[in-house]
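As structure tokens, the structure follows; a few thoughts come after it.
Since every read-out is calculated from the coordinates, none of them should be taken as a lab result. This is a predicted model, so every value here is computed, not measured. All Cβ positions, glycine included, derive from the backbone under ideal geometry; neighbour counts span all protein chains shown.
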Amino acid sequence: MYLHLAEDVMIRSDDIIAIMDERSLNSSIINEAYLQAFEKATVNLAKGRFKSAVITQNAVYLSPFSPGILFKRAIGLFPAGFLTEHFTGKPV
């Protein structure tokens with residue numbers, strides 16, 4: 001399955017490692033180092049300030065959509081029971 005990130009960009013859901021909000025991404029030295037390492041492979045899909053970063057093994061996508069919106073879109077991409085109360089705070 002594919003997750004729509006913005007404009008005409010879709011990525012395979014199997015390729016997603018993490019979806020982080022801008023604040024979390026910029027608040028860690030480790031995350032900043034990761035972004036610097038993937039600077040050439042970073043795709044900015046936000047016309048202004050990005051709201052989330054979708055991290056894959058080969059690239060980092062900066063999306064104008066919030067992590068919550070991307071998460072809601074992704075729920076249907078995973079097998080039943082994959083997302084548990086631990087991740088969402090409520091039964092899925």
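Using 0.36 nm per residue, how much length does the chain from S28 to R73 gain when fully extended, once their Cα-Cα distance is taken away? It would help to have the intermediate numbers written out before the result.
Details: separation 45, 0.36 × 45 = 16.20 nm, distance 2.64 nm.
That works out to 13.6 nm of additional length.
For A18, the residues whose modelled amide H falls within less than 5 Å of its own, excluding neighbours fewer than 5 places apart on the same chain, are I55. Our summary of shape: the Cα atoms of the stretch 7-55 have principal axis extents of 31, 26, 20 Å, ordered from largest down, in whole angstrom.
Can you tell me the length gained on complete extension of the stretch A59 to A18, counting 0.36 nm per residue apart and subtracting the Cα distance?
Working: separation 41, 0.36 × 41 = 14.76 nm, distance 1.14 nm.
Extra length available between A59 and A18 comes to 13.6 nm.
Inter-label distance, A37 to D8: 3.3 nm, where each label sits 7 Å from its Cα along the C-beta direction.
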